[in-house]
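Q: What follows is a single structure, and I will ask about it in a moment.
The values are calculated or read from the model by the stated rules, or taken from the named source; none is laboratory data. This one's a predicted model, so the numbers in the text were calculated from it and none came from an experiment. Glycine also receives a Cβ, built like all others from the backbone with ideal geometry; neighbour counts cover every protein chain displayed. Side chains included, ligands, DNA and RNA excluded: accessible areas come from the protein's heavy atoms. Shrake-Rupley method; radii C 1.70, N 1.55, O 1.52, S 1.80 Å.
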Amino acid sequence: MSRENKSSNIAFRKHDHRRCQRQLLSAARQVCETRKLRLTSRRRQVLEILLASHQPLGAYDILAELNRAADAERIAPPIVYRALEFLLVEGLIHRIESRNAFISCVHPGHQCAAQFLICRDCEQVAEIENGDSGLLAQADNIGFAVDHAVVEITGVCAQCQKHGE
Ligand SMILES: [Zn+2]
Ligand SMILES: [Zn+2]
Ligand SMILES: [Zn+2]
């Protein structure tokens, strides 16, 4: 346990997720404030839906969730896509390409590429910071200019392995 990095495996451990939600929402507000951006209620709603868990959600799941919350007005897909685009560009959420889904970032606003461990049993996703990733360092070493890095590793988390025994 001690060799594991705390932030990178929280998704796979029992933890008080309300704390994650509070911390990540206030971190997101902070990012918007610093960058003089508006976290409109729609953007915040989409972020909050993604903050509900460490499982990625597709745009249509988010749309369904929004329409369940809103009483009268029906929200159209472009509205969700625009909110997602904003959150993506500002580094408040990430896209999980292999799932065509989105997940809230665990350290909102960072600019470096992220790597993801995806458990195929519980479908939780853990984000790992890519700072000194061997892969990107090697690209740098050979003078390769990376413009888009996607590292998504699928497997079974320690919890699910225990349950499977
Ligand atoms: Zn959590
Ligand atoms: Zn992130
Ligand atoms: Zn799992």
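Q: Would you be able to say whether some residue in region 87-105 is in contact with a helix residue (DSSP H, G or I) (Cβ under 6 Å, 6 or more places away or on another chain), open to solvent by less than 30 Å² (accessible area, probe 1.4 Å), within 16 Å of ligand 1 (Cβ to nearest atom) and of a type outside the set (A, V, I, L, M, F, W, C)?
A: Scanning region 87-105, I find at least one residue that is in contact with a helix residue (DSSP H, G or I) (Cβ under 6 Å, 6 or more places away or on another chain), open to solvent by less than 30 Å² (accessible area, probe 1.4 Å), within 16 Å of ligand 1 (Cβ to nearest atom) and of a type outside the set (A, V, I, L, M, F, W, C), so the answer is yes.
Q: Return the total of residues in region 35-53 being open to solvent by less than 70 Å² (accessible area, probe 1.4 Å) and of a type in the set (Ser, Thr, Tyr).
A: 2
Q: Is it the case that some residue within region 54-71 is within 16 Å of ligand 2 (Cβ to nearest atom), part of a loop (DSSP other than H, G, I, E, B) and surrounded by fewer than 19 Cβ atoms within 10 Å (Cβ to Cβ)?
A: Yes, some residue in region 54-71 is within 16 Å of ligand 2 (Cβ to nearest atom), part of a loop (DSSP other than H, G, I, E, B) and surrounded by fewer than 19 Cβ atoms within 10 Å (Cβ to Cβ).
Q: How many of the residues in region 106-151 are of a type in the set (S, T, N, Q) and within 15 Å of ligand 1 (Cβ to nearest atom)?
A: 1
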